[in-house]
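S.K.: Take a look at this one; I'll ask things after.
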Amino acid sequence: MNQIVPLHRIERAIFLIRGQRVMLAFDLADLYGVTTGRLNEQVKRNRARFPEDFMFQLTPEEFLELVAICDKSRRLRHAPAMPYAFTEHGAIMLASVLNSPRAVEASLLVVRTFVKLRETLATHRELARKMEELERRLEGHDGHIRTLVDAIRQLMEGSETTPRRIGFRPEGRKSPKG
C-alpha cells in the first residue's frame, strides 16, 4: 500500500454485531481506496458472493446503538442508508470483487487483524480458565486451613487446662508432686 495503515486503526474499525466481528462498508471503502458508493455498487453486482454469514445490513436499532457508542458517529449519523457490515470472509470477498492491488493488500491487513483479535481472545479465555481453576483450588485450601487453625486452637486450649508430663517413669517411683 502507498500509505501505511496502522493495525490499531483497523482494530478500532472492528465491531461485535450479532455475535460476529465485522467491519462497516465505509471503513473498508477507506482501506480499499474506493468510495462507499463504489463498494456498495460492487456488492450489488456480485450479490451471490455475499451470503448472510459474509455480509448483512444493519437494522435501525443496531445503527442507533452503533452511532451512540462509535467515535465516528458524526460520519455514521449522515449515512444515506443503513450501512453494510462485513465479516472477515466478507472483507476478503470484497477485495476480490474490487480487484485492485490496494484492495488485495488492505485485505491482507484486515485478515491479519482479525486473526490477531482471535488470538487475543483465545489468550483471554485461557487466562480466565486458569483463574477459575486457581479459585477452585483456593476454595479447597480455605477449608483445609480452617481445619488446621481449629486443630491448633484445640491443642492450645488443651495444654492450658491439663498440664501433662512427657517422659518415662519407672515402676514404683512416685511422681514429684505426690
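S.K.: Would you list V43, V149, V111 from fewest to most Cβ contacts within 10 Å?
M.R.: V149, V111, V43
S.K.: Same structure again: Full extension from Q57 to I166: what is 0.36 nm times the residue separation minus their Cα-Cα distance, to one decimal in nm?
M.R.: Length difference between fully extended and current span is 30.7 nm.
S.K.: For R102 and K130, what does the FRET efficiency come to when R0 = 35 Å and r is the distance between their Cβ atoms, rounded to the nearest 0.05?
M.R.: With a Förster radius of 35 Å, E is 0.25.
S.K.: So, one more: In debye, nearest 20: dipole of the range 7-120 around its Cα centre with unit charges on the Cβ of K, R (+) and D, E (-)?
M.R.: 280 debye
S.K.: How far is the Cα center of the range 98-125 from the Cα center of the range 23-39, in Å?
M.R.: 16 Å
S.K.: Can you put M131, M93, M23 in order, fewest other beta carbons within 10 Å first?
M.R.: Sorted ascending by nearby Cβ count, the order is M131, M93, M23.
S.K.: Further, regarding this structure: Specify whether the C-alpha gyration tensor of the range 7-120 places it in the rounded, prolate or oblate class, a ≥ b ≥ c being the square roots of the eigenvalues: rounded for a/c under 1.5, otherwise prolate if a/b is larger than b/c and oblate if not.
M.R.: The shape class here is rounded.
S.K.: Report the one residue of V115, L134, P101 whose Cα lies farthest in the direction of the positive end of the charge dipole of the range 99-140 (charges on C-beta: Lys and Arg +1, Asp and Glu -1; origin at the Cα centre).
M.R.: Working it through, the farthest residue towards the positive pole turns out to be P101.
Read-outs: derived from the displayed coordinates by stated rules, not from any lab. Just so it is clear, the model here is predicted, and its values are computed rather than measured. Neighbour counts run over all protein chains shown; Cβ positions are idealised from the backbone, glycine included.
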